[in-house]
Amino acid sequence: MPFASALRRISTNVRFFAGSLLLPEFATALAERLFLTPPRQRQGESAFFDFLDARASYVEHRGRHLASWRWGPADAPAVLLAHGWGGRAAQMRGFAPPLLAAGFRVIAYDQPAHGMSEGRLTGLPDFADALATVARHHGGVHGVIAHSLGAAGAAIAISRGLPLRRVALIGAPSDFVGYTRQFARWHWMPERLRSLMQAAIEERFGVAMAELELARLAPRLQTPALLIHDLRDPVAPWAQGAQVARAWPGARLLTTEGLGHGRILESGAATRAAAEFINGKSDVAPLAEPALPDPAPLY
């Protein structure tokens, strides 16, 4: 964003949100809408070819239609590919070939209010519910490979009873209350408005943000999990992914370096590791928290 445009945006936000003390309900509604509106990405010319060999369909979810694509035989065990905030299904296309070669059916879909799916507003609880809906619609889901907020949504769906054999989470964030604070600083929102915005979002989805933190959910999750996280991830800090991996019983952690948050999806090493883990090979990464001998020795 050019400096002059950024300066104008900051000035506008400061003037508007500074007036939130006078118009708190209006400012809260605007802040909530801003937080729940994903950035729109232009569909490149290659998007058509990304799905040329797939069978397209729509899945109904809360009155909206979600675009989905399937590769492979209809009776094979399925693996869902879930993209993150501001992303699209085509970003996950690279995981399809190794999964198809292993005999899986592969299903990718656009999250609510993303890509070719309907909707204007969405959030993490919506991501979790959408994944569960797509899984029920297609049936026979063996595992999930998910990125960023899609990875968080997958973990939440598992905590709510979605039966999976294995899951690979890439660049998964955990601290969502912390993200609202970062969002508020970026838009120059006063703390009071940020708190009101968070309360409005929690009321909309019927769940407190703190209850969605993956490090809090992980100890009771039994699905075998692989977490892939870059050491220099600027969006979801590596420490959050490592914390989730250590809290998740038996989870494995694969750390990369130099791939960031988005380019990790283009890494052949990450793609192969996720596909191999879903296929039952647990030695693709070390245990995040090795189990102590039973009984544990005295120190």
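The values are calculated or read from the model by the stated rules, or taken from the named source; none is laboratory data. None of these values were measured; they are calculated from a predicted model. Positions of Cβ are backbone-derived with ideal geometry, glycine not excepted, and every protein chain shown enters the neighbour counts.
Quick look at the values:
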read-out	value
Long-range neighbours under 6 Å by Cβ, at least six apart or interchain, first residue within 17 Å of residue 280 (Cβ to Cβ) within the range 159-176, second in a loop (DSSP other than H, G, I, E, B)	164/223; 166/224; 167/223
Given (1) surrounded by fewer than 17 Cβ atoms within 10 Å (Cβ to Cβ); (2) under 19 Å from the mean Cα position of the chain (by Cα), index of the condition residue 283 fails	(2)
Check on residue 187, modelled with pLDDT of 95 or more and surrounded by 16 or more Cβ atoms within 10 Å (Cβ to Cβ)	no
Per-region count, the range 237-267, residues part of a helix (DSSP H, G or I) and either among the polar types (S, T, N, Q) or without any contact (Cβ under 8 Å) to a residue 24 or more places away in the chain (or both)	5
Verdict on residue 167 being of a type in the set (Val, Ile, Thr), closer than 18 Å to residue 243 by Cα, touching a Ser or Thr at 6+ places or on another chain (Cβ under 8 Å) and buried (at least 18 other Cβ atoms within 10 Å of the Cβ)	yes
Residues of the range 90-116 that turn out to be surrounded by 21 or more Cβ atoms within 10 Å (Cβ to Cβ), free of Cβ contacts under 8 Å to residues at least 40 places away in the same chain and either small (Gly, Ala, Ser) or part of a loop (DSSP other than H, G, I, E, B) (or both), as a count	1
Qualifying residues in the range 61-75 (those that are free of Cβ contacts under 8 Å to residues at least 40 places away in the same chain and out of contact with any Leu (no Cβ under 8 Å at 6 or more places or on another chain)) - the one surrounded by the fewest Cβ atoms within 10 Å (Cβ to Cβ)	63
Candidates 143, 153, 119, filtered to the one that is among the small types (Gly, Ala, Ser), touching a strand residue (DSSP E or B) at 6+ places or on another chain (Cβ under 8 Å) and in a loop (DSSP other than H, G, I, E, B)	119
Boolean, residue 64 is among the basic types (Lys, Arg), within 30 Å of residue 176 (Cα to Cα) and modelled with pLDDT of 95 or more	yes
Check on residue 191, over 18 Å from the mean Cα position of the chain (by Cα) and closer than 17 Å to residue 126 by Cβ	no
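Residue by residue, here is whether (1) within 22 Å of the chain's Cα centre (by Cα); (2) at pLDDT 55 or above; (3) under 20 Å from residue 114 (Cβ atoms); (4) not β-branched (Val, Ile, Thr) holds:
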| site | (1), (2), (3), (4) |
| --- | --- |
| 15 | no, no, no, yes |
| 23 | no, yes, no, yes |
| 28 | no, yes, no, no |
| 34 | yes, yes, yes, yes |
| 48 | no, yes, yes, yes |
| 51 | yes, yes, yes, yes |
| 69 | yes, yes, yes, yes |
| 73 | no, yes, no, yes |
